[in-house]
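> Pasting a structure below so you can have a look.
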Amino acid sequence: MKAYTGYYDRSYKPKKTDLICQFYVEPGCGLSMKKAAERVAAESSVGTWTDLTTDKKRIAKLKAQVFEIKGNWVKIAYPIDLFEEGNMPQILSSIAGNIFGMKDVRNLRLYDIHWPEKLMKSFRGPLYGIPGVRAILNTPERPLCGTIVKPKLGLNEKEHSKVAYDAWSGGIDIVKDDENLSSQSFNNFNKRITQTLKMRDKAEKETGEEKVYMPNITADVETMIKRAEHVRDEGGEYVMVDILTVGWSGLQRIREVTQDLKLAIHAHRAMHGALTRNRKHGISMIAIADIARIIGVDQIHIGTGVGKMSEKKEEVKNTADEISKGFLMEKDHIMSEQWRYVKPVFPVCSGGLYPGVVDKLVKLLGNDIIIQAGGGIHGHPKGTKAGAKAMRQAIEAVMAQCSLKEWAENHKELKEALRKWR
């Protein structure tokens, strides 16, 4: 094979067994789109910058093929034999590895991935997904509401559990740790789990509703396993993992552990902005969420489109569709996908949310979302419990197809929230 040539064939028809990537490409070094795309395909499969004396004719069958170029959008098909089944780090070392540092591309973004069935089956997928989470909470239709204990760091175990109790007793379904709370000197993990789950039980008894706590187990893999086991032993049903900072292999291992422990996984996307924020370079949130679904998280943060995060509404909507639908038609540079047996994942909306935007979120994304507010609950003028009531009242208004303003006339907590965050 000649260096960087023979990797473009617009007549190529992808095989059912091919993994396909949609890239956004801006050529560098004065290259044409065709040459830049070929170099991405070569470097992410079997090619390199010069001819090789070690090359074999049979290796040509493993070449990635550029088969579509539309403006700056490029589709590349990869033969399945390039990949090790069930090994996400290896797959991403190929399709999202050295190519981002090449001089031949000024900008390069991995936007979407289409998975062949054989590779898809080599990962576990979600244990619960949307139907299972709804069953845990015995809430079949409405959006779920959640909160993060705030301030994110500094509270001790007793204070933390009290904030959680106030939120649950006010009507919140889900309470979780923030991404950087693990087991600090002021808040020990094991003590926090024990005390907070006791408050969960108390809130369930008082409200007659199911409640869940999602403790952050993020650490080295062995510590995460011990923490997950402790959560199970204390009667917990969930763990939270910062999926990017623990890495894909760490997430795969925890997914294996939660299978036996029967624990659901809440995926926090801490550090995603380093990969996703530049809309011309890096990896899209759609692709990250797509990977997390195949490995097997049950819910994942996707942004809001209406809060403090940078994503546009269409990006958030597309990410939600990618993880929550069983079949996707091709649109907006997202490829069609048949998810087959892989359960749908709950989109979690978070980042600058408060009761006054609930109607906009549901209009954008539908009822199969988790609306998660931190400051928008704990910042309520009357405190956490009132903030939780206001959030639940906003959801009730939307389900009753009533405007928030009108509903607030008979619900003082919502009225106060709308007044504060006008």
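Nothing in this text is a laboratory measurement; each read-out follows from the coordinates by a stated rule. If you're wondering where the values come from, they're calculated on a predicted model, not measured in any experiment. Here the Cβ is made from the backbone with ideal geometry for all residues, glycine too, and neighbour counts use every protein chain on show.
> Would you please give the FRET efficiency between residue 158 and residue 103, computed as 1/(1 + (r/R0)^6) with r the Cβ-Cβ distance and R0 = 41 Å, to the nearest 0.05? Spell out each step's value before the answer.
Details: r = 56 Å, r/R0 = 1.37.
So, using R0 = 41 Å, E works out to roughly 0.15.
> Which ³J(HN,Hα) values, rounded to whole Hz and listed in residue order, are derived for segment 144-159 from phi using the Karplus coefficients 6.51, -1.76 and 1.60 in 6.51 cos²θ - 1.76 cosθ + 1.60 with θ = phi - 60°, glycine and proline given as x?
Ordered by residue, 3J(HN,Hα) equals 7, 10, x, 9, 10, 5, 10, x, 5, 9, x, 6, 7, 4, 5, 5 Hz.
> How many nm separate the modelled label positions at residue 422 and residue 363, each set 7 Å beyond the Cα in the direction of the Cβ?
2.1
> I would also like to ask the following. Return the calculated 222 nm mean residue ellipticity for the chain, to the nearest 500 deg cm²/dmol, obtained by summing -39500 (n - 2.57) across DSSP H runs with n ≥ 4 and dividing by the residue count.
Estimated from H runs of four or more residues: -12000 deg cm²/dmol.
> Rounded, prolate or oblate: which fits segment 129-420, taking a ≥ b ≥ c as square roots of the Cα gyration tensor eigenvalues, rounded meaning a/c under 1.5, else prolate when a/b beats b/c? Please report the intermediate quantities before stating the final value.
Working: a/c = 1.56, a/b = 1.05, b/c = 1.48.
It is oblate, given that a/c is not under 1.5 and a/b is not larger than b/c.
> In addition: Need the list of lysines near residue 202 for cross-linking: C-alpha distance under 20 angstrom, and skip anything on the same chain fewer than eight residues off.
158, 162, 176, 191, 211, 385, 389
> Once you have the Cα-Cα distance between residue 262 and residue 80, take 0.36 nm times their residue separation minus that, and quote the gain in nm to one decimal. Let's see the in-between values first.
On the way: separation 182, 0.36 × 182 = 65.52 nm, distance 3.16 nm.
Additional length available on full extension: 62.4 nm.
> Give me the Å³ per residue figure for the convex hull around the C-alpha atoms of segment 293-422.
Normalising the Cα hull of segment 293-422 by residue number yields 111 Å³.
> A further question on this structure: With a Förster radius of 25 Å, plug the Cβ-Cβ distance of residue 87 and residue 61 into 1/(1 + (r/R0)^6) and report the FRET value to the nearest 0.05.
So, using R0 = 25 Å, E works out to roughly 0.75.
> A follow-up question, please. May I ask for log10 I(q)/I(0) of segment 111-201 at q = 0.20 Å⁻¹, from a Debye sum over the Cα atoms as equal point scatterers with solvent left out?
Here the Debye-derived log intensity ratios amount to -0.96.
> Once you have the Kirkwood Rh of segment 303-367 from its Cα pairs, apply Stokes-Einstein at 37 °C and 0.692 mPa s and quote D in µm²/s.
Values: Rh = 12.6 Å.
Result for D is 260 µm²/s.
> What residues have an amide H closer than 5 Å to that of residue 268, excluding those fewer than 5 places away on the same chain, when H is modeled at 1.01 Å from N in the peptide plane?
Long-range HN contacts for residue 268: 241, 242, 243.
> Something else: Using θ = phi - 60° and the Karplus relation 6.51 cos²θ - 1.76 cosθ + 1.60, list the HN-Hα couplings for segment 101-111 in order, rounded to whole Hz, with x at every Gly or Pro.
Here the 3J(HN,Hα) series is x, 6, 5, 6, 10, 6, 9, 8, 10, 7, 9 Hz.
> Apply the a/c threshold of 1.5 to the C-alpha gyration tensor of segment 19-121 and tell me whether it is rounded, prolate or oblate. Each step should come with its number before you reach the end.
On the way: a/c = 1.78, a/b = 1.19, b/c = 1.49.
Since a/c reaches 1.5 but b/c is at least a/b, the shape of segment 19-121 is classed as oblate.
> Could you check the spin-label model distance between residue 190 and residue 331? Points 7 Å from the Cα along Cα→Cβ, value in nm.
5.1
> Further question on the same structure: Can you compute the FRET efficiency between residue 34 and residue 410 using 1/(1 + (r/R0)^6), with r the Cβ-Cβ distance and R0 = 56 Å? Round to the nearest 0.05.
Approximately 0.30, to the nearest 0.05.
> Report the residues of segment 319-352 in range of a label on residue 121: point 7 Å along Cα→C-beta, backbone N strictly under 14 Å from it.
Correct set: 340-342.
> For the chain, what does the relative contact order come out to in percent, with C-alpha contacts under 8 Å and a separation of six or more?
The normalised contact order for the chain reaches 16 percent.
> As a footprinting exposure proxy, order 339, 248, 49 by other Cβ within 10 Å, with the fewest listed first. Intermediate values should be presented prior to the final figure.
On the way: 339 21, 248 18, 49 11.
By the 10 Å Cβ count, ascending, the order reads 49, 248, 339.
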